Amino acid sequence: MIRFVLACLVACGMLGSVSVCHYMLTRSPVTEPPTSIQPTLRSESALQTPHRTPDQQADTTVSPSRIQLQNNDAARRFFLILTSGFNTAPDPFALGSDGLTEPTRLSAQYGDKSIITLLNDLLRGESIRSSEFDVADTDITRGTLTLFIRATPAETDARIPCPLRIDLIRADGFPCDTYTLWTPGNGVMLTGEATLNPVPGSNTAALGWELVK
Amino acid sequence: MIFRNIYWIFWLHLLLNSMIPCSSARAEPLFTVVASTTQIADLAREIAGDRCRVISILGPGINPHGYMPVPNDGKTVASADLCLQNGLHLEGKNWMATLVRDNGNRPIITCSDGIIPLHLDYDGTVVDDPHAWFDPRNAAIYVNNILKGLIVMDPEGASQYTARASLYLNQLRVLDAWITEQFHQIPPEKRILVTSHDAFNYFAARFGLTVRSPVGWSTGAEIGGGMTPERRRHVVASIREGQVPAVFVETTVNPKIIEQIAQEAGVRIGGHLYSDAMGPAGSAGERYIGMMRENTLTIVEALSR
């Protein structure tokens, strides 16, 4: 009888611990009330873009006249000019490379928006212009716009690092910024981020163009 | 006696209770996918993740050309939501398609659809080479075909399948570039691959090797034939002329012939290569990428000496 009572006590204790474990494993996560977010204003000088020289970074300061431009709808529309330093080829490792659908040679993406999807070959030195796209107000205020670029070099160019130049132009013709990505040169395709400043004239020296006033 | 029974019932109850959280922690697979070969099963697992149970009809080291299905294979296929085969007559006498037809006519995907096959000529008979997966670009086509099949089978899992396929295709791209880089270590005149059957034509075409094989298209007698004295003389002569440093044995083929040829030609055995089937569980060759990596390292090490 004593043995039975002891067994019951031990069993109850273990059942309790198992139940606690079970509860801990299966309970839904507790959602904490959201903390209020205080809007903070950052100075433009705090924005550092690693690929620019200090002089170019100084150019990222937004002048009042440019702020006025940003309020205009036209100031939010841009297009890209991509100039390839290599021959492109179909990507045999793309999704859809089943021989039945045409793999992409070059693509540019802004957030979840596809800016360019090139299905034809681009030859070395050739440029391609994208369709126009809207840039988020926050990116214009912040002075940085990040694009995700993919390009597949042809086998002949895949073993040496080759450049891909990306020019960001505002829809009304103002050149804004330029960025150069390089292929890895080890046979692997180019995938990378291009960080550009959507403020017109912020990097005209690099563009090699004069700002139209 | 009653107390003793109650005592044991308590302990049994405890044991069962403690098992409940463990068994519910991982969801059961929702679908069953049955693949004919280990390579295809591995590619399917990479894309399907835990949503599907992937079963391979062939085990590691089993030759698909001459395989004879057993009754249990029929039950396996009958339980499938989707079946996958290589095609191009890798499955000798189309045994996978026959199994599917005779066991519930389950949906079947031919993974090699869309590739441009290499051709083999044996005594005037031109056949498509079925070993297409040895070119990583073709493996990418397999992946896309499997992805399409999985999405049709389970549209709700499409985003997961696509994300996994995208990651795996990137891995194949890196593998392809890495293999190319490895073979650049071998002088071009030494890039001669002698194996026991014609499994490596796609591999050789992709990475700049010349293949010499003493046995015909298939390890069975269905198509191609096999060893003939004329072919054997040709292979031995080419090994001697080409000053080939090593010949290789395939895991799914009896090594006897290749060992005899190596002895006759005065060259050493360079190592074992995974060919028609991948390696056993726990080996480096149990996954597609591991199999390709190990084959490359074996070949490069043997030929660059």
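The values are calculated or read from the model by the stated rules, or taken from the named source; none is laboratory data. Bear in mind that the values here come from a model prediction, so they are computed numbers and not experimental data. For neighbour counting, all protein chains shown are included, and Cβ atoms are generated from backbone atoms with ideal geometry for every residue, glycine included. Side chains included, ligands, DNA and RNA excluded: accessible areas come from the protein's heavy atoms. Shrake-Rupley method; radii C 1.70, N 1.55, O 1.52, S 1.80 Å.
Where in the stretch B:262-283 does the label zone of B:Ala237 land, with the point 7 angstrom along Cα→C-beta and an amide N cut-off under 15 Å? Zone members listed by number: B:265. Amide H to amide H distances under 5 Å link A:Ala89 with A:Thr152, A:Ala154, where only residues 5 or more positions off or on other chains count and H is placed in the peptide plane. For B:Met153, the solvent-accessible surface computed with a 1.4 Å probe is close to 40 Å², ligands and nucleic acids excluded. With K and R counted +1 and D and E -1, the other residues having a Cβ less than 14 Å from that of B:Glu286 yield a net charge of 0. Our helix-only sum for chain B, with -39,500 (n - 2.57) per DSSP H run of n ≥ 4 divided by its residues, gives a mean residue ellipticity at 222 nm of -15000 deg cm²/dmol. Local charge for B:Thr76 was computed over the other residues whose Cβ lies under 15 Å away, with Lys and Arg +1 and Asp and Glu -1, and equals 0. Quick one: grab the alpha carbon gyration tensor of chain B, order the square roots of its eigenvalues as a ≥ b ≥ c, and give me rounded if a/c is under 1.5, else prolate or oblate depending on whether a/b is larger than b/c. Prolate is the answer for chain B, as a/c is 1.5 or above and a/b outweighs b/c. Cα gyration tensor of the stretch B:78-157, axes a ≥ b ≥ c as square roots of the eigenvalues: rounded (a/c below 1.5), prolate (a/b > b/c) or oblate? Judged from the Cα gyration tensor, the stretch B:78-157 comes out oblate (a/c at least 1.5, b/c at or above a/b). Straight-line cross-link reach from B:Lys148 at under 29 Å between alpha-carbon atoms covers these lysines, not counting any fewer than eight positions away in the same chain: A:Lys113, B:Lys75, B:Lys93.
Each other residue within a Cβ distance under 11 Å of A:Phe148 adds +1 if Lys or Arg and -1 if Asp or Glu, for a net charge of 0. Taking all protein chains together and a 1.4 Å probe, the residues B:Ile47, B:Ile269 rank B:Ile269, B:Ile47 from largest to smallest accessible area. In the stretch B:31-177, the portion of solvent-accessible area held by carbon and sulfur atoms comes to 54 percent [1.4 Å probe, whole percent, DNA, RNA and ligands not counted].
Take the accessible area of chain A alone and of chain B alone, subtract that of the pair, and you get about 2500 Å² summed over both chains, using a 1.4 Å probe.
Under 1.5 on a/c is rounded, so check that first for the stretch B:31-177, then, if it is not, pick prolate when a/b is larger than b/c and oblate when it is not; a ≥ b ≥ c are the square roots of the alpha carbon gyration tensor eigenvalues. Note, shape of the stretch B:31-177 comes out oblate. In this structure B:Ile62 has an accessible area near 70 Å², from a 1.4 Å probe over the protein heavy atoms. Shown for chain B are the DSSP H helices of 27 Å or more along their axis, judged by Cα atoms, with a mean Kyte-Doolittle hydropathy of at least -1.0: B:2-24, B:158-183.
Per residue, the average separation of C-alpha pairs within less than 8 Å and at least 6 apart gives chain B a relative contact order of 16 percent.
Of all the Cα-Cα pairs you can form in the stretch B:184-303, what percent are over 22 Å apart? Of all Cα-Cα pairs in the stretch B:184-303, 29 percent lie more than 22 Å apart.
For B:Trp178, B:Trp133, give me the order by solvent-accessible area with a 1.4 Å probe, most accessible first, ignoring ligands, DNA and RNA. Don't skip to the answer; put the middle values down first.
Values: B:Trp178 75, B:Trp133 5 Å².
Accessible-area ranking of B:Trp178, B:Trp133, largest first: B:Trp178, B:Trp133.
For chain B, the per residue solvent-accessible surface stands at 45 Å², with DNA, RNA and ligands left out and a 1.4 Å probe. Ranking of B:Lys148, B:Lys93 by solvent-accessible surface, largest first: B:Lys93, B:Lys148 (1.4 Å probe, protein heavy atoms only, all chains present).
Here the dipole of chain B is about 560 debye; that uses its Cα centre as origin and unit charges on the Cβ of Lys and Arg (positive) and Asp and Glu (negative).
Solvent-accessible area of B:His119, all protein chains in place: 120 Å² (probe radius 1.4 Å, heavy atoms, ligands and nucleic acids excluded).
Comparing B:Ala97, B:Pro69, B:Ala80 along the charge dipole axis of the stretch B:31-177, the residue lying farthest to the positive side is B:Ala80, per the Cβ-charge model. Sequentially through the stretch A:78-92, phi angles give Karplus couplings (6.51, -1.76, 1.60; θ = phi - 60°) of 9, 9, 10, 10, 9, 10, 9, x, 8, 6, 8, 8, x, 8, x Hz, Gly and Pro residues having no value and appearing as x.
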